Amino acid sequence: MLFRGLFCMYETYYQANPDGSIEYGIQPHGLKKSETISKLKEALTYNGWTITSEKTNSKPFNFIINAHEKEIELYVYIWKISNGGREREHEQRIQIATDVNQDGFNVDNNNPNKKGLLLGEYNREGCPTVYAAWETETNRNHGKSKSCFINTKAIAKAMRDGFVQTIDSSGNIACAFQKEFMNFYINNLVSLHSLKVNLVEGLDSGNDLQTEVDKVPNVRDVPYEERGVNKIVYGAPGVGKSYSLGTSHERITFHPEFTYFDFIGGIKPGKVNGELTYEFKEGPFLKILKDAYLFDYKQFTLVIEEINRANTAAVFGDIFQLLDRNEYGESTYSIENEDILNYLNKDTKLNLNKVKIPANFNIYATMNNADQGVFVMDSAFKRRWEFEYKPISFEGVSHADEVLNYAGYQVTWQNFATCINDFLSSKIGINEDKLIGPYFLKKTDLKNNRKIAFKLLIYLWDDVVRHERYALFANQFNTFGEVSNAFIKGNQSIFNKDLEGILFENRLLKETEEDGSNE
């Protein structure tokens with residue numbers, strides 16, 4: 001029973017694969033000390049470096065490595081990576097021993113010739129060894145046994161891509177890499193743990209590995225299939241644009257008075273102890289941006305409803321430059337906005353010096369070109385978005401066959417809307433984005449002609465055929481009040497004679513009519 005319990009515990013944790021994927025599997029066994037040292041020495045001597053001195057009796061292991069007339073003394077702590085032992089399936093960790101010698105933790109890593117390394121090793125059979133690395137300064141004077149954590153997804157991406165970074169919930173940055181990147185990490189570890197690697201190509205590799213480092217596309221641990229996008233979903237009213245984007249995301253609605261302050265944030269006056277103060281107040285965009293930086297293993301999405309009802313150029317402001325994304329979903333360009341940087345860095349260890357939209361932050365939006373009072377988006381803004389058109393379709397709509405009362409007979413919602421749409425497009429030349437989607441009316445609306453009149457008919461009267469009303473409605477009606485009153489009664493025709501004939505042909509037949517048609 002004990003063996004079974006241990007097996008189940010190992011089985012319920014995700015493990016890394018060389019292609020960047022993860023799967024449930026048994027936790028890899030740790031290596032013997034001699035095997036750990038052998039693999040570590042192999043990594044330290046990669047790409048032309050040599051070991052001129054070593055002491056490996058106890059931790060920290062001490063090495064002196066040399067390359068190209070450069071010498072570095074290393075104090076290396078290394079432990080096996082194991083599962084977190086808690087109900088977090090993606091969590092891996094090392095545990096720092098209580099009584100370990102502190103010499104390596106006390107090294108000032110700003111010294112280019114002396115470094116303290118805190119490493120974990122992940123050795124899964126048939127897979128390349130991956131080293132995880134944490135900042136020694138953060139873990140200095142830990143006092144008691146302490147764990148350092150990393151997400152299994154980061155390990156998997158390091159197997160596939162060679163080098164990645166990830167940020168834990170406290171804002172601490174961990175790195176994961178294969179042996180080829182060990183010397184690159186050693187030469188740049190201060191920058192790599194302070195997130196100054198947005199410009200990876202600007203780092204000093206200290207050896208010929210720089211050409212490989214330039215190929216590292218993304219410092220964020222974001223699964224390929226989840227890399228960030230800007231997407232606008234558009235179509236006629238009622239086609240389900242908002243619903244198609246999911247219901248669990250943060251949502252905001254643009255309107256003509258919506259500003260940069262509302263969306264991004266700005267300086268807001270306040271009072272502290274009776275004194276007038278000014279502080280930066282974040283908007284919804286910055287709240288999610290900060291979360292995306294801090295929790296890079298999660299995907300974040302902001303949904304903007306009715307994006308073209310505001311002046312997008314003014315609302316996005318300098319963030320407009322960040323909408324250009326590279327193939328990995330991260331902003332191609334960055335900005336240096338002092339207020340935004342202060343907000344992002346406050347009470348965190350992000351230490352950002354430039355702002356980008358990370359690859360785990362999606363921006364989705366909806367729009368309907370047919371709405372009145374909308375702003376025209378310029379081509380430069382639209383180029384930075386993917387567009388997805390939602391056509392009108394009643395397929396799979398649960399209330400498509402719900403019945404409404406019209407002109408003394410009954411007709412299904414699908415037939416009623418489809419007949420009107422076909423007439424509007426074929427006879428009057430109305431564009432599809434002004435037609436009626438299946439979700440324009442809800443199931444409960446269809447049971448009440450008053451709701452239908454003041455939702456659907458007012459839209460047709462005021463928005464769709466505002467300048468040619470008698471092409472759709474019967475010419476005896478001079479006002480919308482007359483139209484709505486006639487429709488609410490349920491026994492009068494309100495439309496053009498041609499459309500009336502089409503609707504009548506598509507009515508629900510009564511049993512007596514069905515019997516008569518069979519004679």
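The values are calculated or read from the model by the stated rules, or taken from the named source; none is laboratory data. This is a predicted model, so every value here is computed, not measured. When we count neighbours, we look across all protein chains shown, and the Cβ atoms used for this are built from the backbone with ideal geometry, even at glycine.
What to note about this one:
Each row is one residue, and each column tells you yes or no for (1) part of a strand (DSSP E or B); (2) closer than 19 Å to K451 by Cβ; (3) over 32 Å from the mean Cα position of the chain (by Cα).
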{"site": "E388", "(1), (2), (3)": "yes, no, no"}
{"site": "P391", "(1), (2), (3)": "no, no, no"}
{"site": "E395", "(1), (2), (3)": "no, no, no"}
{"site": "D401", "(1), (2), (3)": "no, yes, yes"}
{"site": "F416", "(1), (2), (3)": "no, yes, yes"}
{"site": "C419", "(1), (2), (3)": "no, no, yes"}
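- Scanning the stretch 299-306 for any residue that is of a type outside the set (S, T, N, Q), in contact (Cβ under 8 Å) with a residue 12 or more places away in the chain and outside any strand (DSSP E or B) turns up at least one such residue.
- Within the stretch 214-273, if we keep just the residues that are of a type in the set (V, I, T) and closer than 30 Å to E180 by Cβ, the residue that is modelled with the highest pLDDT turns out to be V222.
- Check on A407, at pLDDT below 95, surrounded by 17 or more Cβ atoms within 10 Å (Cβ to Cβ) and over 24 Å from the mean Cα position of the chain (by Cα): yes
- Only one entry in F254, F300 is within 30 Å of G20 (Cα to Cα) and either of a type in the set (A, V, I, L, M, F, W, C) or in contact with a His (Cβ under 9 Å, 6 or more places away or on another chain) (or both), namely F300.
- Scanning the stretch 296-319 for residues that are more than 11 Å from the chain's Cα centre (by Cα) and farther than 25 Å from G235 by Cβ turns up A314, G317, D318, I319.
- Restricting the stretch 252-284 to residues that are among the charged types (D, E, K, R) and farther than 15 Å from T312 by Cα leaves a set whose member that is farthest from the chain's Cα centre (by Cα) is E275.
- In the stretch 421-431, the residues that are surrounded by fewer than 17 Cβ atoms within 10 Å (Cβ to Cβ) and within 39 Å of the chain's Cα centre (by Cα): D422, S425, N431
- One residue alone among D296, D318, D339, D324 is over 15 Å from I252 (Cβ atoms), surrounded by 21 or more Cβ atoms within 10 Å (Cβ to Cβ) and not small (G, A, S), and that residue is D296.
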